[in-house]
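Here the structure comes first, spelled out in structure tokens, and everything after it is commentary.
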């Protein structure tokens, strides 16, 4: 939600980044010129070098801005911010090299200065932003720069937003008051409760409110207009979060039709060039990964033949994009006699009705007796998932996307499977890096719908990086 604090933070970040970039290239110059005895390509005086970079830095900052590094929503997305900073640093170096070529003027005394500059720029800018993040938290802890928030609404989003923003040090918001049913106040949250919206609006100044979030659209237009008018007349930040988020998510466009504002809803931004770019990236990365990981494939294949005789691979019927059936390839982790039918049926035949009920409720069980000892190792390390890279090369899957669901799970998606399968399914996705097996089936579907509606290339990169961290930490693997 944009506010004046976000603007101040953006201006501070621009200043910090500009200063840090100058420091980075000063360090690169000193290391190469002062501490390296090898001859230089050109004798560039420090003053001329510094002056040249003083002219280039504004364009570098513009690159950072185009990558979204000064938007409020990027502040709490550390991995996404780091990925964009690295891309911005690389583009900045290309700007320097391009400047040399166009102006026919040597800026860099040696080629290594560019390498040192790239490393120093990325490391120092990341470090400076991390320090800035700590300073922000310290300010929030001291009550400085905090947005005092009034939440108005009677939907489930009211409680969810209040809960997520209740940690002031992390969010920068203090939930001062909630107007609506008392059931929407999260347990343990110390806030003022107004049953009447009019009472909450009358006490805006007394409560020191400077931000309002409305989560319900009321039947009476006058009530909605009154909330907006109070916010505008008191110069308060106002945001509306719709209860039916499906109508406001994804690749949407706003136009004027017959004099009325018209919102056109597209199921996903993953269309056109986005889909082409994603496919090229998936194919190239999967080929490289299969080559690099081929020794692991061979070792696991041999080990399975020794300790767990039978087929090494297991193919499971799943649904991918447009609900197209695919054969999902995995290393077999269950006994050879299992996996061909629905898990609940197999549990009942084993006399484990308790596990059948648990599976029907959560679509998973905590301790699956069908899994072999070697299979548990494969699952805990996620090695059983590696053969899915073959699915990616074949075009059945993407590296990142919604998890391909079983045909019998379609009915559990409550009519949302069409939107869920508007994009190609993936080897990893949002649910795998957000709790994996600890999430319920509905929570998993909600996360994957968010991905389908809000895809960006940067989101894919962030999920892939988080997947590596989750796998190494063995979090949630079952």
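Among residues belonging to the stretch 166-189 that are modelled with pLDDT under 85 and under 23 Å from the mean Cα position of the chain (by Cα), point out the one that is surrounded by the most Cβ atoms within 10 Å (Cβ to Cβ).
Step by step, filter the stretch 166-189, then rank; the result is 172.
Counting only residues that are in contact with a strand residue (DSSP E or B) (Cβ under 6 Å, 6 or more places away or on another chain) and at pLDDT 80 or above, which one in the stretch 398-427 is surrounded by the fewest Cβ atoms within 10 Å (Cβ to Cβ)?
Per the stated criteria, the residue is 399.
Answer yes if at least one residue in the stretch 127-144 is surrounded by fewer than 18 Cβ atoms within 10 Å (Cβ to Cβ), touching a strand residue (DSSP E or B) at 6+ places or on another chain (Cβ under 9 Å), over 27 Å from residue 60 (Cβ atoms) and at pLDDT below 80, and no otherwise.
For the stretch 127-144, residues surrounded by fewer than 18 Cβ atoms within 10 Å (Cβ to Cβ), touching a strand residue (DSSP E or B) at 6+ places or on another chain (Cβ under 9 Å), over 27 Å from residue 60 (Cβ atoms) and at pLDDT below 80: present.
With at pLDDT below 80 and assigned to a helix (DSSP H, G or I) as the only criterion, which of 360, 337, 346 stands out?
It is 360.
Would you call residue 151 in contact with a strand residue (DSSP E or B) (Cβ under 9 Å, 6 or more places away or on another chain) and either outside any loop (DSSP other than H, G, I, E, B) or over 30 Å from residue 97 (Cα atoms) (or both)?
Spelling it out, residue 151 is indeed in contact with a strand residue (DSSP E or B) (Cβ under 9 Å, 6 or more places away or on another chain) and either outside any loop (DSSP other than H, G, I, E, B) or over 30 Å from residue 97 (Cα atoms) (or both).
The values are calculated or read from the model by the stated rules, or taken from the named source; none is laboratory data. Computed from a predicted model, the values in this text were never measured in an experiment. Glycine gets a Cβ as well: all are built from the backbone with ideal geometry, and neighbour counts include every protein chain shown.
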